[in-house]
Structure formats: structure tokens, C-alpha cells
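*Asks:* My structure is below; once you've seen it, I'll send some questions.
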């Protein structure tokens, strides 16, 4: 039994050891990675995992490949056990950072490939590294310097496409004397300090291509020796290369200087042999330095795509060029005689795409080894006999010239294999021209213009038209120069190994309807004003003016494919890359479709597109449609061939443009953005930090200003009520109290500013004088709406109230103040009744006085707030015009109703319905309160039984003549019409301005006729007020802007602004002046006539005493006691 237990225990121990003991060959045995033996003791591991670095990589791995594994992170312990690793490939992953000590223990590491990652930041590499590829990352100059620190054994470094620029410091490569290959292409370098490469005496290849270098001089290459054989400087912005820059070099296999901004061939003194010298695609005009460069041997010289217009006769006299010369795409007009007479070894000469008009027997003198000649697309008119006799030409390309005559012996001494003379205006060919051409010769010519074929023997292959099957085989060295053919209308493809064992390129003509693109491939002639009815063309022919080829019918292969441009387009222009441009103020939704007239409102139509105009708003049904329309607009603005066909047509209807209710709130444009300070639907809501005033969102003042203004407004209204209370016991003239005078003037002034503030707010189409926006706060003070004057939202955004919230606050404000006054009346009455030191008659008098004051304050409060309260109720009521239907599409499928008073509120929502119900319950207030006041005034104005009520109602009739006791009710209805009702007609309605003018004029005339106010000053002030209102309304009618397309400019006339300010401010100034005059008279009376004042006071007390004694015993007793 014990032995069995021991056996089981032994098995368990073995299993446990097997589980916890790492298996070095785990990734190999489980086939996670591909493992290959390297010698007896080493292994090469290649993993194709996804997103992680596998564990269990054998410790004897000498080469590890983890490229293209989508690796995002790496730890410092990932390769801890790989101490013999020599080659590590981590390219094409997603690494962003490499932990600093990741490679700390890898002392044998020699080759590291970290290309094509997202690496930034520095990390440590062991000194053993000799080859480092870290191209296509995000390493800065500082990062790279830290990484390279100590890598003195480094021989090859590729750090392409890292943002090392703009300047490469001189100590960047200090100590790197073993460097053989350095590639820094696309590193954003603008300048390289002198001596940067000073230590690199063994450097054989330097690649600085595709940077932003604008100059190279001797100091740049200081330290480099004749070991350098490959120099790449193409794709920069080089304008100058200093003299002596190449002096220390002897043999350059490749000197690549193409695609820069050189205007002349630089000083090339130094190297005696250059295998490949590329100077093409610059701005070179002067090539004279080639003659004095000291170069003895060149294999290839590329000078194409420059601005060379002259060839010095001695340019090639001291140089041997074995391979080819490319002078294509320049501005040459002629070739000097004997220019090439020292180039007996030259095999290929390309002079295509110039303006050469003449060649003669000396043009190609000395070119005894010349096998290929390309003179495509010049202006040759005549080929004389013997012009090519000194050459060994096998391929001659003369197509696309202006050749009219060819000599009968022009090609007789040549062993031609290919001759192209098509696309020339040949009407005849000399007899016997083809007699000496053998069966291997292929001739391509255009036969359609020939009157007859030449007589003679036809052993060669003659290809007319040329046919669609015509092709040219380039073999051997010729295959490297297929670019000359590709630039002239041929498309070349590799045809694999030639039977002779050399390389081969098969070049065929671009077909009808196609042309040779800059990318050396045949592409279709684009839709629009283009077609091509010939083979092998480098561009497309243009349709006649006013015609185009549709996108469905392109490529056009005949002039008949060009049809008239559609409706709404310019028929007197070429179509270009569309169906002709649209007429002015027309737009299109299809690049190749008709144009439509721009709608009268809401759109800006230019450059064939229609976008939302300023002061209009639209809403897209979804984000995809908006982004697609953006692409369509950007695409249709492109007048080049590379337009995106995906965005050629916009098949969805544009959203419905809606006029923004407030001027200068909507920017327009595709995104329908709001101007700064506005937000929401129709840009009708003020954003945080702004508050609403007279159809505009104004920037909030400082917090201290906002709080102070709020306190001042409240203090002002409190002061008015205190003045009324104080004035009850102060007599003015005509047996009126000071309180009566204050209330009367207060009603006139505040009523005036309430009315004009309401008019300014309602008449949105009027171009009011600009000074209005500077005085708006004063108007809001006298309108009596504290919420409007003091922008509480400027104190904190949570205090922002919409119209429903303001309705609640205004109603609550009225109810609260009335309730507080009633509460005060109840408490004070209880206090008076409970007083023990007062008689009943005293208590009755105090209570009567209390009631008078409270009733009068209630009625004054309700009268003052009546216009604002009524406006708030009417704006929410379900009346016609209270809610505005807003449709974002023409089909009315996407419509909402917005409250006209506040466009941030949607109508018919549960919240709006609740307030709608509340407003409906208060609907009688705007009409009923004046009627109630009229009834109470009629009943109690002369009542002695209800003296307190009569006294309180004095605010309605005290300042009017007896027979016009009802006039305040007409004033209330006038305010109701001008402040609230005209708002419902909408700013676009003629009825609105008409009703306003009618109301102002009718009430002005009626008041002028009846003159109901009894005090002369108050009567004149009220008359003045009514006619100023009439003036303001007439001004509004004159400056109403009915043409929405003319914008929303303000009225900035100096005279109108001055008159506007003077008239509207004079009401307040007159009232203040009258008050000051009263104060002066009061002070004068007491200052200069004290005895008169004392006598009058004594007489008044005596009179009061007499009246008191004759009334009741209680009053007599009080007077006798001196009380």
C-alpha cells in the first residue's frame, strides 16, 4: 500500500515539474512559429502571430522575425532570454514606444529592423548593432541621437521618413567612422550643418532625397571621400549646388539630382566617371558646365523636362557617353551641326517633345553606334536623303511631327527594325522608299491622307492607320528607355525574357478615346469637352464650343459624340470637365446635367453650386447627406481632371432654407453655422455668455456690472413706490398731492417707453437706427420688465429663462407682490386693532389710511405691469400666429412648430401644453383687467362709503378731467395693441406695420382732439409722447426692409440717429426737468420766506383745529391736549 502511495506521489511531482518547467521549444512544438535549424546549435524563428509576442521562444534563436504581426506593445522582458540573437525583425507593426531597456542583454544583436511602426521616444540599443532600419516612424532629432548613441559599429542606417528636421546638427553623427550606407530620405530637413558627415570616410551611399534642402555646398559633404559612389539628392528644393561640392569624388555610379529647382548644371568637377547623371525635372536652361566638368565617361545623361532652348556646339566634345542622352521635353528649336561628332559610342538619343523643325546630314554626324533615335512630337517638316547615313539606327521614331516630305533614300542605308512616321501630314511617299527594307522591318504610317502608295518592293511590314494591333518591341538596352515612347502615346508592359535572352518591353498605342497620362499609362478621355478619334495620342481633342461628352457616353471617340450643353449653361465657352459652366446665378446638382435658376431667397449660387445664404438656416435629414453634399460642392469646384466621380451627382433634394428670425445670427453655408453668440434651431437662442435684446444676442457685461444693474433697477422701482407713499401727505398745486403728480408722470413716461420698446421688439423687419442698440437697456428699465433689463443668465447660465419660464416668473411676481401687500395690510391692520394706546376712532383712521395706501399700490403695480403681463400671456396662448410652422424639407415631411416669442420652445409638447393651459386660464386678463378697472372706477370713483377703494382707484382717473375718467382704459388697450397684438401678425406681414401706424395715428388724433388730462404740463407731455410714437412708427414704415435678398443692414444715417435720440430721450428729460423745477420752488419757498411758511403753517393748523372742534369731542380733546 505504501509503495502504491509513493508511486502516485512520484507521478504527481513529475506532472507538477512538467507544468511549471518552461519548455524552450514551446512555440516550435505547438507550431505557433516556424522554426528552422541554423547549424547545429542555432535556430531561425519566424512567427505569424497577431497582436502579441509569444512566450517560449527558444533561447538559442539567432534570427527572430515578428514582422506584420499587429504588435502594439512590448515589455523590457520580452526578449530577456535571447542572449545569442543576431537578427531581429519587428517591422510593419503598431509599436508607439519601445521600453528603454528592451534590448539591454542582447550583446550579440547585429541587425535590427523597426521600420513601418509608430515609434516615438528613445530607447537603448547594444553597441554590437551594425545595421539599423528604423524608417517610417515618428522619431525626432533628439530621439534619434539618443538611440544612435554608442553605436560606433554601425555600418548601415536607414532612418527615412522620420521628422528629424529642420536642421541636422554637425555633431549628429560624431564618431560614426564605420558607416557605409546612410539613408535619410523624407526627414523634413531644411539645412545640414557643415561637417555633419565628417566622420564618415567610408560612406559609399548617401540618400538625402525628398527633403526640403535648398542648397548644398562644399561644407555639407565635408569628410566624405572618393569611397562615395551613390548620391541621392532628388525631390528637394535645391536652387544652388556650391562649386567644388563634388571635388573629392572620383567615380559616381549614381548622381541623382532630378526634381529640384536648379536653373543651370552645377559644377561637376571631381568625378571622372559618372554612370548615371539625372538632372531631369528641374528648371535648367544653361548646360554649358558639362563641357568644363572634367567628366570623361558618362553612361546615361538625363536632361529631360527642363527649359533648355540652346545647345552649345562644344558641349559634348570632351566627354564620352556610352548609353543614352535624354533631352526630351525642353524648348529646343534646332540642333547645331556636328554637336554629336565625338559621341561615337552613344546608342540611344531622345529629343522628343521639343520644337525642332530641321535636321540635316550633319545633325547626327559621328553617331556611328546610335541604334535608337526618338524625335517624337517636334516640328519636322522634311527628312532629306542621307540624314541618318552615319548611324547604325535600328529604331527611328518620327511620329507626331509635321513631316510632309521624305526623301527616297532617307532610310536606305539603315538596317531598320522599326520606323514610325504616323500622325504626320504626308500626302505622298517617294517610289522605292521601302525597297531596301527587309522583312524584319516594321513601318507604321498614317495612310488615310496618302493619294497613293509608293511604287516598289514591299518586303517590310507596313502598318497603316496605324492599326489597333500595332506594337513596338524594345529589347536590350532599349527597354530601359521606354519612357520616350510612353510620353508619345504608347503604353508599355514587360513582355518577359526575350528569345535572345535580353529584357523586353512591348509598347502599344493608346486606343481611340484614350490618351497617354502623366503616369505613363493610357487613360480614357474625361467626360466633358474632350474626345479622341486617333490612336496613340498624348492628349485629348476638345469638343467645339458649347458641346460636351456626357459621363455615360465617355470616352468620346468622334466629334459627333460631343452634344450641345444642357439648359442653363454658358454656350459660348468650352465645356472643360463638366457640361459647360452654369450661367450666372444658376446652379446644378449634376456635374453633367442642366443648371437651374437660383431660388430668389435662401441661396447663394456661384461656381455651379447653391449653398445656404447668410441669414438663413437649414437642417439636413442626416449627417451622411450633409457630408456627401460637402464632397459634391468641393468636387464641382474642381476644374481639373482629377475630380472625384463619386461626387459628380447629388441626387437628394436640398433642405428647405428658412429665414432666420434675427438678423446677423446665421452664417449660412453648408453646415448652417450660427454666428458667435447664437445657437439652436434657426440660431434663435443666445449661447452662454450672451443675452437677448431687440432681435440680437449681446455679449454679457462683467458680473459686477450685471449684479449692480439688477440692484439699481429694483431700487428704482422701490424708490418710485416710496415717493408715492411719501407724497400722499405733500400737497402740490390744484389741490393735488405730490403722489398724484408722481403717479401721473410715472404713468406717462413708463407707458411711453413700454410702447416703443414693444414696437421695436415686434417690428423685426425695420432697420432701426443703430443708436437703438446703445439705449436698449434704458428702454427695458422703463418697460418694467426686470427680467429683460437685468440679464440674470449673465450671472449664471442656470438662471437663463425661456419665455415659458418668464411667463411663470411674471405671473408669480404679480401674484407675489399683490399677496405681500395684502399680507402687509392684514398684519398691519391686526397690529393697529391690537394697539392699546389708540382710541377706536384713531384706529379707524389708521386702518382707512392703510387701506388707501395698499389699494393704491396694488392698482399702481397692476397698471404698471399690465403691458408686460398681457404680452407674456398672449405670446403663449393658442392664438393664430403664436406658433410658427417650421419645415426643413420642401415636402413638409420634417416639420415642427416653434413658439414665435421664443424659437427654442417647441409647440404642442407636454411642457408647452401645460403652459398653454395655464395661459388659457389667464386669457381674460389682457382684455378683462381694463374692463374690471373701468367698472370699479365707474362705481367707486366718487364713493364715500368705500373711500379706500376710491382712493386706490385714483391711479386710473386722478389726472384726467371728470368727463374723461375712463380714459386710462383706452390707454391700456392702446398699449395692449402696440405691445402684444401686433406681435402675432409676424414680421413678414404688411398688416403688422399697417396696424401699428393706424393705432398710433388714431389714438394720437383722438387724444389731440379731446385733451382729457387736466394738468397742462402732463397734457402737453402726453400729447408729445403720442406724436413721438407716431414718428417712430412712421420711421419704421419708411425703413422697413421687405427685400430679404438685400441683407439686414442697420440704419446709420447721422441725422436720423440724432433725431431719433433727441425725440425719444426728451420725454424722460422733460419729466425730470419738471421734477427738478418743483424741488427748486419747494427749496426757494422754505429758504427765502420762512416767516411766510410759518404763518401759513400756523393758519393751516388753526383751520384744522377749528374743523376738529366742530366735528367730534374726541378730536377737540386731542387738540386741547396738544396732540
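*Asks:* What is the Cα radius of gyration of the chain over 2.2 N^0.38 Å, N being its residue count?
*Replies:* 1.56
*Asks:* Rank-order 664-672, 818-826, 912-920, 371-379 by packing density, defined as the average count of other C-beta atoms within 10 Å over each peptide's residues, highest first.
*Replies:* 371-379, 664-672, 912-920, 818-826
*Asks:* In whole Å and largest first, what semi-axes does the C-alpha gyration tensor of segment 185-281 yield when each eigenvalue is scaled by 5 and square-rooted?
*Replies:* 18, 16, 12
*Asks:* Restricting things to Cα coordinates, could you compute the convex hull volume per residue of segment 828-936 in Å³?
*Replies:* In segment 828-936, the Cα hull volume divided by residue count equals 135 Å³.
*Asks:* Evaluate the relative contact order of segment 861-968 (contact order divided by residue number), counting alpha-carbon pairs under 8 angstrom at least 6 apart; express in whole percent.
*Replies:* Values: 100 pairs, mean separation 19.1, N = 108.
Relative contact order for segment 861-968 comes out at 18 percent.
*Asks:* Mind jotting down the distance between the C-alpha centroids of segment 199-271 and segment 30-102, whole Å?
*Replies:* The distance from the Cα centre of segment 30-102 to that of segment 199-271 comes to 39 Å.
*Asks:* For the Cα atoms of the chain, what angle does the longest principal axis make with the long axis of helix 2-20, in degrees from 0 to 90, nearest 10?
*Replies:* 90 degrees
*Asks:* Among 1009, 955, rank each residue by its count of other Cβ atoms within 10 Å, from fewest to most, as a rough exposure measure.
*Replies:* Ordered by Cβ neighbours within 10 Å, fewest first: 1009, 955.
*Asks:* Between residue 72 and residue 409, what is the spin-label point distance in nm, taking each point 7 Å from the Cα along the Cα→C-beta axis?
*Replies:* Between residue 72 and residue 409, the simple spin-label model gives 8.1 nm.
*Asks:* Further question on the same structure: For the pair residue 104 and residue 385, what calculated FRET efficiency results from E = 1/(1 + (r/R0)^6), where r is the Cβ-Cβ distance and R0 = 60 Å, to the nearest 0.05?
*Replies:* Here the calculated transfer efficiency is 0.15.
*Asks:* Sticking with this structure for a sec: Largest first and in whole Å, give the semi-axes of segment 98-144's equivalent ellipsoid, each being the square root of 5 times a Cα gyration tensor eigenvalue.
*Replies:* Taking √(5λ) for each eigenvalue gives 18, 12, 9 Å, largest first.
*Asks:* Give, in whole angstrom and from largest to smallest, the semi-axes √(5λ) of the equivalent ellipsoid of segment 784-885, with λ running over the eigenvalues of the Cα gyration tensor. Present the calculation step by step, with values, prior to reporting the outcome.
*Replies:* Values: eigenvalues 310, 51, 20 Å².
One finds semi-axes of 39, 16, 10 Å for segment 784-885.
*Asks:* How big is the Kirkwood radius of segment 498-585, worked out from every pair of different alpha carbons and given in Å to one decimal?
*Replies:* 14.0 Å
*Asks:* Just to be sure I follow: if Rg is taken over the C-alpha atoms of segment 573-654 and Rh is the Kirkwood radius over the same atoms, what is Rg/Rh?
*Replies:* Result for segment 573-654 is an Rg/Rh of 0.95.
*Asks:* For the peptides 520-529, 829-838, 901-910, what is the packing order when you average, over each peptide's residues, the other Cβ atoms within 10 Å and list the highest mean first? All intermediate terms of the calculation are to be shown ahead of the outcome.
*Replies:* Details: 520-529: 20.8, 829-838: 10.9, 901-910: 16.6.
Packing order, densest peptide first, comes out as 520-529, 901-910, 829-838.
*Asks:* Which angle from 0 to 90°, rounded to the nearest 10, does the C-alpha axis of helix 1090-1109 make with the longest principal axis of the chain?
*Replies:* 60 degrees
*Asks:* Can you tell me how much longer the chain between residue 848 and residue 641 gets when fully stretched, taken as 0.36 nm per residue apart minus their C-alpha distance, in nm with one decimal? Intermediate values should be presented prior to the final figure.
*Replies:* Details: separation 207, 0.36 × 207 = 74.52 nm, distance 9.42 nm.
Computed gain between residue 848 and residue 641 is 65.1 nm.
*Asks:* Taking 8 Å as the Cα distance limit and 6 or more residues as the minimum spacing, I'd like the relative contact order of segment 433-485 as a percentage. Please list the in-between numbers first.
*Replies:* Details: 50 pairs, mean separation 20.1, N = 53.
Result for segment 433-485 is 38 percent.
*Asks:* Helix 925-940 against the longest principal axis of the chain: what's the angle in degrees, Cα atoms only, rounded to the nearest 10?
*Replies:* Here the helix axis deviates by roughly 10 degrees.
*Asks:* For the chain, what is the relative contact order in percent, using Cα pairs closer than 8 Å and at least 6 residues apart in sequence? Before the final figure, lay out the partial values.
*Replies:* Details: 2376 pairs, mean separation 38.5, N = 1123.
So the answer I get is 3 percent.
*Asks:* Specify whether the C-alpha gyration tensor of segment 886-1020 places it in the rounded, prolate or oblate class, a ≥ b ≥ c being the square roots of the eigenvalues: rounded for a/c under 1.5, otherwise prolate if a/b is larger than b/c and oblate if not.
*Replies:* Because a/c hits 1.5 or more and a/b fails to exceed b/c, segment 886-1020 counts as oblate.
*Asks:* Could you give the nm distance between label points at residue 124 and residue 539, where each point is 7 Å from its Cα heading toward the beta carbon?
*Replies:* In this crude spin-label approximation the distance works out to 6.4 nm.
*Asks:* Ranked highest first by the average count of other Cβ atoms within 10 Å around their residues, in what order do 204-215, 556-567 fall?
*Replies:* 204-215, 556-567
*Asks:* Additional query: Would you calculate a helix-derived [θ] at 222 nm for the chain, using -39,500 (n - 2.57) for each DSSP H run of n ≥ 4 and dividing by the full residue count, to the nearest 500? List each step's numbers first, then the result.
*Replies:* Values: 21 runs with 337 residues, N = 1123.
Roughly -10000 deg cm²/dmol at 222 nm, from the helical runs in the chain.
*Asks:* For a Förster distance of 25 Å, can you work out the FRET efficiency between the beta-carbons of residue 243 and residue 142, rounded to the nearest 0.05?
*Replies:* 0.15
*Asks:* Largest first, please: the extent of the C-alpha atoms of segment 50-151 along each principal axis, to the nearest Å.
*Replies:* Rounded to whole Å, the extents work out to 36, 30, 19 Å.
*Asks:* Let me ask something additional. When each pair of different Cα atoms in segment 229-347 is counted once in the 1/r mean, what is the Kirkwood radius in angstroms, to one decimal?
*Replies:* About 14.2 Å, per the Kirkwood formula over Cα pairs.
*Asks:* Can you tell me the convex hull volume per residue for segment 24-107, based on C-alpha atoms, in Å³ to the nearest whole number?
*Replies:* Roughly 81 Å³ of hull volume per residue.
*Asks:* So what's the gap between the Cα centers of segment 643-690 and segment 148-190, to the nearest angstrom?
*Replies:* So the two Cα centres are separated by 52 Å.
*Asks:* Rounded, prolate or oblate: which one fits segment 356-496, using the alpha carbon gyration tensor with axes a ≥ b ≥ c (rounded when a/c is under 1.5, else prolate when a/b beats b/c, else oblate)?
*Replies:* Details: a/c = 1.33, a/b = 1.13, b/c = 1.18.
Judged from the Cα gyration tensor, segment 356-496 comes out rounded (a/c under 1.5).
Rule-based calculations on the coordinates, nothing more; no lab input. In this text, all values refer to a predicted model and were calculated from it rather than measured experimentally. Backbone-built Cβ (ideal geometry, glycine too); neighbour counts: all protein chains shown.
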